[in-house]
Structure formats: structure tokens, C-alpha cells
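Have a look at the structure below before the remarks.
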Amino acid sequence: MGGEEVKVAVPESVLKKQKRNEEWALAKKEENLALKKKNAENRKLIYNRAKQYAKEYDEEQKELIRLKREARLKGGFYVNPEAKLLFIIRIRGINAMHPKTRSILQLLRLRQIFNGVFLKVNKATVNMLHRVEPYVTFGYPNLKSVRELIYKRGFGKLHQQRIPLTDNSIVEQGLGKHGIICTEDLIHEIITVGPHFKEANNFLWPFQLKAPLGGLKKKRNHYVEGGDAGNREDFINELIRRMN
Amino acid sequence: MCRGGRMFAPTKTWRRWHRKVNVNQKRYAVVSAIAASSIPSLVMARGHRVESVPEMPLVISDSAESIEKTSTAIKVLKEIGAYPDAEKAKDSQAIRPGKGKMRNRRYISRKGPLIVYGTEGAKLVKAFRNIPGVEVANVERLNLLKLAPGGHLGRFVIWTKSAIEKLDSIYGSFEKCSEKKKGYVLPRSKMVNADLARIINSDEVQSVVKPIKKEIKRASLKKNPLKNLNVMLKLNPYAKTARRMALLAEAERVKSKKEKLDKKRKPVSKEELAAAKAAGKAWYKTMISDSDYTEFDNFTKWLGVSQ
């Protein structure tokens with residue numbers, strides 16, 4: 001737009017741009033205010049949820065101890081319920097693999113050595129694991145393992161990108177529609193294999209763990225033979241401590 | 001003695017010397033060259049000295065077409081400010097470097113102005129042609145090799161009035177066909193309005209443009225929440241109270257343990273000792289007397305008591 005000679009001789013284009021910039025600044029300010037308010041509310045909600053979860057975990061632990069003591073008192077045994085959650089770590093490299101087992105490992109998102117993923121336990125997954133036993137080690141993670149993995153090495157999948165979980169907004173962006181808005185929610189969903197476990201687990205990028213400090217015993221053998229492969233139930237937690 | 005044999009691929013006269021170019025493309029080129037000759041920046045970029053030229057395109061009256069003497073021609077050039085260009089051409093006459101010297105291309109020089117005239121048989125041809133650097137052409141027979149020498153657009157052209165007037169009939173306009181070239185219309189430009197700045201600042205564009213993002217958030221270094229409390233609090237605000245409670249509980253435990261140990265390590269006073277012993281004895285008494293041990297009778301003597 002050319003210079004319309006007004007008394008002040010300010011070109012019309014400059015005036016229009018000024019007006020537009022003001023509008024934008026106003027809209028931005030309002031947006032920021034709304035965002036701040038929402039964040040403050042969310043904060044409170046997250047705090048309460050985290051408190052509730054802490055109580056839940058505590059209670060669960062105490063309940064387990066109580067049941068064990070009761071059974072011992074009666075002279076019987078308390079059998080733990082079968083675990084619902086597994087943590088799998090791939091312990092072998094990529095060369096010389098049968099194509100079918102290779103595809104199963106790809107389905108489990110274990111494409112690299114020392115990659116780890118959580119997995120729900122059901123007949124389908126158990127059979128899959130049986131096929132790939134010599135290449136992985138797995139077990140039942142406890143709360144500390146899950147927490148440490150997600151806090152230290154948790155990355156989320158947003159728009160096919162591996163984004164570090166540095167803020168709850170990232171979790172909200174990825175899983176907000178399932179009611180998971182913070183890392184504590186995510187941990188809770190994973191550990192108590194909740195209704196949206198599939199989405200929550202898929203949101204988590206496969207964990208890239210370091211080679212275990214202190215080493216593995218013998219990759220080629222099964223755990224029961226003194227090696228490392230296959231199901232090692234609760235001892236997976238010790239391995240996770242060394243690999244996290 | 002020299003080596004025998006013939007050269008590789010002996011050059012032949014029946015080499016394909018000529019090339020076919022589409023007529024429309026040839027005309028496109030000439031038309032573009034003429035257009036470029038009227039833009040001072042392009043003419044200066046080509047190297048012509050047009051600083052003292054009053055106007056581009058430079059048009060002189062038809063009286064110039066009847067100039068007969070070269071001396072008047074030079075005077076005219078000086079008047080219109082075209083002489084520095086012709087001078088440049090004269091000063092640049094030199095012997096060509098390289099083998100072209102011995103291949104009938106001995107001398108080189110810069111190109112000066114091109115004078116374009118309109119009427120056939122004008123006298124100015126003879127007047128201007130001997131001036132070094134200056135070339136003459138009839139508007140009906142313009143040569144691309146002269147309008148864009150070396151393939152570079154923007155030759156400095158001096159038009160006579162009748163020449164410029166004839167251009168419309170020779171090449172037509174954007175709507176009207178040319179009269180001399182059958183069915184030829186000037187080529188359309190790629191952009192009708194090539195002024196980008198104006199387009200960008202127009203209302204139509206600015207009204208739908210989004211605000212500039214001044215603060216670009218870049219990925220920062222990920223800090224470990226298990227080690228860094230502030231980062232942990234960002235993710236889990238309850239962590240602070242949880243940690244505080246854990247610390248307090250720990251302190252409490254430590255204190256109570258210390259108390260217990262201190263109590264145990266303190267030497268027991270006489271009264272407490274006596275009280276403890278008496279309590280033990282009483283308990284033993286109640287135990288043996290309340291016992292529903294079935295074979296008590298056998299052991300009364302050994303135990304030395306009765307129920």
C-alpha cells in the first residue's frame with residue numbers, strides 16, 4: 001500500500017500492521033492467562049492424585065504382608081497372585097536370527113540390544129515370549145523399577161518423535177484423552193495394568209538401557225541353567241537396577 | 001623422426017555446424033533483449049557507460065537519420081551522453097590473448113552503443129559505422145547477436161523516433177497480433193505483478209497471515225528427576241511432601257532406636273533389677289499352676305510343687 005499522505009505522513013500499511021499487532025498481542029495475553037489458570041488447577045489435581053496413588057501403593061504393600069503373616073500363622077502359605085505386568089529386556093544382538101523370531105521381536109518393539117519394554121500378561125503375549133526366549137530376559141517389575149525407569153529414561157512418542165518426559169504437558173498431549181495427565185498417572189496405569197495400559201505403554205518409547213554394570217552371567221543359557229535368558233521373575237528388578 | 005598414424009577423429013568439414021531453433025523461441029529472445037535494453041540496471045550490468053545518458057530508452061529525433069559526416073555523428077553522440085560508451089570501446093582495442101591470434105581473430109574490443117534507425121536507406125549508416133564500438137541496425141532487421149552480445153542482455157541501444165514507433169507494428173502488443181510477423185503476439189510474463197514486496201504487504205495477504213513466533217522453544221537438556229528435586233517437583237508436586245514425610249519418619253526412627261539402645265546400655269538400678277526378678281518368679285508360678293499338662297502327677301516330685 002503506498003503512502004497516503006496524512007498530516008503525520010504515516011503510511012497506511014504501517015497503521016494497519018500496528019493495529020493487527022495489537023490484536024495479536026491481546027489474543028496472546030488472554031491465551032496465556034487461560035493457560036496459567038488451567039495449569040494451576042491441574043497442579044492441584046496432580047498433587048491429589050499422586051497422594052492417592054502413594055496411599056494405594058502403601059496399602060497394597062501392607063495388605064500383602066498382612067496376608068502372608070496370616071497364612072504363616074495358620075500354618076499354610078500365601079500364594080502371590082500371578083503377575084499382570086512384565087518387563088522384557090533384549091539381551092542379544094541382531095545378527096543371525098530366524099526371520100520369524102526377528103518379526104516377533106519387532107512386534108515387541110525390541111529392535112536394539114538392551115532395549116526394554118513393559119508388557120501385559122495374557123496367553124498371546126506369553127506364547128510370543130516363549131518363541132523369543134533365547135533372545136530376551138524378562139520378569140515382574142516392582143514399583144521402584146517402574147518409577148525409576150519412567151523418571152530417568154522415560155521418553156514419549158509424539159508425532160512419531162521421541163520426546164523426553166520433561167514436563168507433564170507432554171504426557172497430557174499424548175494421553176490426555178484417556179485421563180492420564182501426569183507422570184504419576186502414567187506410572188499408576190502401567191503398574192496396575194489399567195484399562196488404557198495399551199495406549200500408555202505404546203506412548204512410552206522402548207527404554208534404551210545401558211549394558212548392565214557387573215555384567216550378565218551367560219547370555220547363551222537360560223536363567224535356570226545359570227545364564228541370563230528367559231523368565232527370571234522377581235530378579236529382573238535387580239537387573240533393572242544395574243541397567244538403569 | 002615423428003610418430004606415424006593419423007590423429008584421432010580427424011576433423012571434417014561436414015561437421016553439423018547449424019542448429020535449428022524454434023521460430024517462436026528466436027522471437028522470444030529478441031523481444032526479451034529489446035525489453036532488457038530499456039532497463040538501466042541491466043545495461044549498466046552489461047558494462048555500458050550510461051551514467052550521463054538523460055533517459056532510458058534513449059530516443060533521438062529523425063533528423064539524426066540524415067547525418068552524413070562522421071564528425072557530426074561523434075558530436076551527436078557527445079550531446080546525448082553516449083560518447084563515454086563509444087570511448088570505452090575505442091580504448092579497449094587490444095590483441096586477443098591465446099591462439100585465436102593466429103586463427104583470424106586477432107583483435108578484440110568492447111561493444112559500444114547500437115544505433116537503431118527506422119527508415120530504409122538512411123544516411124546515418126555511413127556516418128556512424130566507422131566509429132569504433134558503434135553498430136547500426138535497421139529496426140526491421142534486428143540481430144540478436146547484436147542486441148545481446150555474448151548472450152548477455154542489456155545492450156545500450158539508441159533509437160530514432162521512427163524506429164521506436166515501428167516496433168509496435170513489427171512485434172505487436174500483448175493483445176494485438178503483429179502485422180509483420182504472421183500471428184505473432186508478445187509473450188505473456190510469468191508474473192503480472194512482479195513486485196514481491198507490494199504483494200506481501202497487500203491486504204489480501206496480510207489479513208490471513210499468522211503471528212510471528214518470536215520465542216522459539218528449543219529442546220533443553222533432560223535432567224534426571226530422581227536426582228534433581230526441582231525437576232522432580234515439576235513432574236510430581238506431591239514428591240516434596242512425600243520426601244519430607246520420609247525424612248521425618250527416618251529421623252523419628254533413628255531417635256527411637258537410639259533411645260532404646262541407650263536404655264539397654266544404661267546399667268540397671270537395684271530397684272529395677274529386683275522388680276524384674278520378682279515379676280519373673282511370679283510368672284513362672286502362674287505358668288506351672290495354670291498348666292493343663294496331663295502328666296503333671298508324674299512330675300510333682302521332680303518339680304517340687306503341687307497344683
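The values are calculated or read from the model by the stated rules, or taken from the named source; none is laboratory data. Just so you know, these numbers come straight off a predicted model, no measurement behind them. When we count neighbours, we look across all protein chains shown, and the Cβ atoms used for this are built from the backbone with ideal geometry, even at glycine. When the accessible area is computed, the model is the full protein with side chains, heavy atoms only, and any ligands, DNA or RNA have been set aside. Shrake-Rupley method; radii C 1.70, N 1.55, O 1.52, S 1.80 Å.
The condition (being in a loop (DSSP other than H, G, I, E, B), within 22 Å of B:Ile60 (Cβ to Cβ) and of a type in the set (A, V, I, L, M, F, W, C)) is satisfied by just one residue among B:Ile170, B:Ile131, B:Ile164: B:Ile131. For the stretch A:137-159, the tally of residues that are under 11 Å from the mean Cα position of the chain (by Cα), open to solvent by 50 Å² or more (accessible area, probe 1.4 Å) and more than 11 Å from chain B (Cβ to nearest Cβ) stands at 1. No other residue among A:Leu119, A:Leu213, A:Leu129 is assigned to a loop (DSSP other than H, G, I, E, B) and either in contact with a Phe, Trp or Tyr (Cβ under 6 Å, 6 or more places away or on another chain) or not aromatic (Phe, Trp, Tyr) (or both) apart from A:Leu213. Being open to solvent by less than 90 Å² (accessible area, probe 1.4 Å), more than 42 Å from the chain's Cα centre (by Cα) and closer than 26 Å to B:Arg27 by Cβ is a property that B:Ala137 has. What do you reckon, is A:Val117 closer than 23 Å to A:Arg232 by Cα, under 12 Å from the mean Cα position of the chain (by Cα) and surrounded by 15 or more Cβ atoms within 10 Å (Cβ to Cβ)? It is true that A:Val117 is closer than 23 Å to A:Arg232 by Cα, under 12 Å from the mean Cα position of the chain (by Cα) and surrounded by 15 or more Cβ atoms within 10 Å (Cβ to Cβ).
Every residue, every condition in (1) at pLDDT 95 or above; (2) β-branched (Val, Ile, Thr); (3) more than 60 Å from the chain's Cα centre (by Cα), yes or no:
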| position | (1), (2), (3) |
| --- | --- |
| B:Ala251 | yes, no, yes |
| B:Val268 | no, yes, yes |
| B:Asp290 | no, no, yes |
| B:Phe296 | no, no, yes |
| B:Phe299 | no, no, yes |
| B:Gly304 | no, no, yes |
| B:Gln307 | no, no, yes |
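When each of A:Ile104, A:Ile65 is tested for being hydrophobic (A, V, I, L, M, F, W, C), open to solvent by 60 Å² or more (accessible area, probe 1.4 Å), part of a helix (DSSP H, G or I) and free of Cβ contacts under 8 Å to residues at least 60 places away in the same chain, the lone residue that passes is A:Ile65. Taking the listed residues A:Ala25, A:Ala50, A:Ala34, the one that is open to solvent by 50 Å² or more (accessible area, probe 1.4 Å) and within 14 Å of chain B (Cβ to nearest Cβ) is A:Ala25, with no other qualifying. Of all the numbered requirements in (1) at pLDDT 95 or above; (2) basic (Lys, Arg); (3) surrounded by 14 or more Cβ atoms within 10 Å (Cβ to Cβ), A:Arg162 misses one, and that requirement is (3). Against the test of being on the phi < 0 side of the Ramachandran plot, open to solvent by 80 Å² or more (accessible area, probe 1.4 Å), within 14 Å of another protein chain (Cβ to nearest Cβ) and of a type outside the set (A, V, I, L, M), the options B:Asn201, B:Asn230 yield a single qualifying residue, B:Asn230.
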